[in-house]
1. Which of (1) in contact with a Gly (Cβ under 7 Å, 6 or more places away or on another chain); (2) of a type outside the set (Phe, Trp, Tyr); (3) within 16 Å of the ligand (Cβ to nearest atom) is the odd one out, the single condition Arg279 does not satisfy?
2. If I ask for residues that are β-branched (Val, Ile, Thr) and within 16 Å of the ligand (Cβ to nearest atom), which ones from segment 282-294 would you list?
3. Need pairs with beta-carbon distance below 6 Å; first residue more than 17 Å from Lys45 (Cβ to Cβ) and within segment 81-103, second part of a loop (DSSP other than H, G, I, E, B) and among the polar types (S, T, N, Q); sequence gap 6+ or separate chains.
4. Residues that are under 16 Å from Asn249 (Cβ atoms) and within 16 Å of the ligand (Cβ to nearest atom): does segment 187-197 have at least one?
5. Looking at segment 163-186 only, could you name the residues that are of a type in the set (Gly, Ala, Ser) and within 16 Å of the ligand (Cβ to nearest atom)?
6. Given the criterion of a type in the set (Gly, Ala, Ser) and at pLDDT below 95, identify the matching residue among Ala182, Ala158, Ala190, Ala166.
7. Quick check on Ser225: is it at pLDDT 95 or above, within 16 Å of the ligand (Cβ to nearest atom) and of a type outside the set (A, V, I, L, M, F, W, C)?
Amino acid sequence: MFISRRDFVVSTSLAAALGLNAPLAISPAFAQKTPDPVKGFVNYKVGDAEVTALYDGIWEKPHDPAFIANASVDDVKAAMVKAGLPPDFVSIPFTVTVVRNGGKTILCDSGTGGQVQPTAGKMMTQMKAAGIDPGKIDTILISHFHPDHIFGLMEKEANRPVFPNAEIVVSDVEYKFWTDPAVIDRLPEARKGLARRIQSVFPNWKNIKQVSGEPEVAPGIRFVSAPGHTPGHRAFHLASGAGQLMISNDTAYVPALVAANPGWHGQYDQDAATAEASRRKLLDRVIADKIMICGYHFPFPGAGTISRDGAGYALSLIKT
Ligand SMILES: [Zn+2]
């Protein structure tokens, strides 16, 4: 999901207008309404693999008629209510998955790094609380290059690597799309800055590995092609013993909206028709194979099962 920094700008200019000395303070208008989970990390097993969900925070996205091209704000509000969520905003939590399998510790995407929304950036605190040493992450799998998935790799402003010793694995399609100098001219204005940051940072790092197709990228984990949200978007499939988990990333980003209504076309899906096809294919596979699923923007802890529900799909979260 692509997040704008507009909220920061509004907050900062409001503070300046009021003559406040702390422009980065969060104004009451941006105070978080959703309580954080009492415990911000949850462990569960998939076969012999130990999986940990780390809560990074939430974006309570104001409603915007442009968010879903083929649904109204009232439709979106009704879908949130149907899923048991508040109607006043779109709840977009950020949950990072860690897999410990085959002697390796694997981070799936990197959190927001506190650089996307003022109400997110808690992943490192939760990682330490869960007893996972950030210095001992072996591999970081990246689903796609939107800010909420990669800014946790880079220190704010300095852009130094947060995980210099980990191998970072990404689809070659995704890497080439964002690092092509010509892409900046083709991108909408709101995304040009993201491409510039990627181009100024990633080509200088030696620990990024590009992979083609759907190879095994860590013990028991394969990339699954799920394009549309971005050109090289990937899900990650974990298999261990009799257990399987589809780490779906942004394939069905807010399930209350696009799993329940798989034909809804969201503005953050770069190619909405391809994203819809990937979503249906992935969710159908998860149902047919009777396996678990988790998602980066699913309600915390973000893991559960999917079933058919009318013309769409319904998510049942694991009990914690
Ligand atoms: Zn996202």
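The values are calculated or read from the model by the stated rules, or taken from the named source; none is laboratory data. These figures come from a predicted structure and were not determined experimentally. Here the Cβ is made from the backbone with ideal geometry for all residues, glycine too, and neighbour counts use every protein chain on show.
1. That leaves (1) as the condition not met.
2. Ile293
3. Phe94/Thr112
4. No.
5. Ser171
6. Only one candidate qualifies: Ala190.
7. When the stated conditions are applied, Ser225 does not pass them.
Residue-wise test of (1) over 24 Å from Glu167 (Cα atoms); (2) among the hydrophobic types (A, V, I, L, M, F, W, C); (3) modelled with pLDDT of 95 or more.
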position	(1), (2), (3)
Glu214	no, no, yes
Arg234	no, no, yes
Trp264	yes, yes, yes
Arg279	yes, no, yes
Leu283	yes, yes, yes
